[in-house]
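> The structure is given below, and queries will be raised subsequently.
The values are calculated or read from the model by the stated rules, or taken from the named source; none is laboratory data. This structure is a prediction, so every number in the text was calculated from the model and none was measured. Positions of Cβ are backbone-derived with ideal geometry, glycine not excepted, and every protein chain shown enters the neighbour counts.
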Amino acid sequence: MMKNTFASSKWLPALVLGAAISVPVVSFADIAVVVSPDSQLQNIAGKDLKNIYLGKTSKIAGVKYIPISLPNYDPAAIEFIDKLLGKSMKQYVSYWAQRVFTGKSAPPPELENSVILKTWLADNPEGIGYVDAKDVDDKVRVILVSK
């Protein structure tokens with residue numbers, strides 16, 4: 001006769017998965033906001049960065065820029081959204097769901113990883129993106145670093 005213990009319960013895998021999902025992601029990476037070396041943008045104020053990534057404006061100092069993001073699961077994206085946009089990932093996703101639903105705007109396009117993002121920025125002076133500061137190379141120019 002088998003004992004009906006919690007460990008043998010059919011619910012254990014779901015509980016373990018639920019616990020794993022609810023553990024907060026902790027990251028301490030420095031995030032570099034980057035542009036093409038040919039970009040006119042030399043630096044950016046936090047408010048301007050937040051406004052462009054939240055779809056409240058597309059221009060900085062009268063020049064149109066295209067914000068580019070990394071996927072929401074990327075540690076640099078999580079850190080960027082937390083440190084520089086002041087939102088949790090859940091708040092950010094909810095914010096964009098509401099904006100899309102109301103027809104106000106669409107979220108910034110996502111590129112698969114920092115290598116692709118830097119390559120795209122190098123060829124597009126109107127772009128602005130972010131990467132883990134350790135991933136900065138000569139394809140991009142840093143205009144802001146968050147610690």
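> Take the conditions touching a residue at least 12 places away in the same chain (Cβ under 8 Å) and closer than 15 Å to VAL35 by Cα and apply them to LYS104. Does it pass?
no
> For PRO75, all conditions in the list (1) touching an Asp or Glu at 6+ places or on another chain (Cβ under 9 Å); (2) over 21 Å from LYS134 (Cβ atoms); (3) not hydrophobic (A, V, I, L, M, F, W, C) hold save one; what is the number of the exception?
(2)
> Within region 73-88, work out how many residues are closer than 24 Å to GLY103 by Cα and in contact with a helix residue (DSSP H, G or I) (Cβ under 6 Å, 6 or more places away or on another chain).
Total meeting the criteria: 3.
> Based on what the data block shows, is LEU144 in contact (Cβ under 8 Å) with a residue 60 or more places away in the chain, touching a strand residue (DSSP E or B) at 6+ places or on another chain (Cβ under 8 Å), among the hydrophobic types (A, V, I, L, M, F, W, C) and in a helix (DSSP H, G or I)? Give the derivation first.
Numbers: in contact (Cβ under 8 Å) with a residue 60 or more places away in the chain: yes; touching a strand residue (DSSP E or B) at 6+ places or on another chain (Cβ under 8 Å): yes; among the hydrophobic types (A, V, I, L, M, F, W, C): yes; in a helix (DSSP H, G or I): no.
Here the answer is no, as LEU144 does not meet what is asked.
> Any residue at all in region 86-107 that is under 14 Å from the mean Cα position of the chain (by Cα), loosely packed, with under 13 Cβ neighbours inside 10 Å, modelled with pLDDT of 95 or more and under 21 Å from ILE44 (Cβ atoms)?
yes
> Report every pair of residues separated by at least 6 positions or lying on different chains whose Cβ atoms are under 9 Å apart, first residue within region 50-64 and free of Cβ contacts under 8 Å to residues at least 40 places away in the same chain, second aromatic (Phe, Trp, Tyr).
SER58/TYR65; LYS59/TYR65
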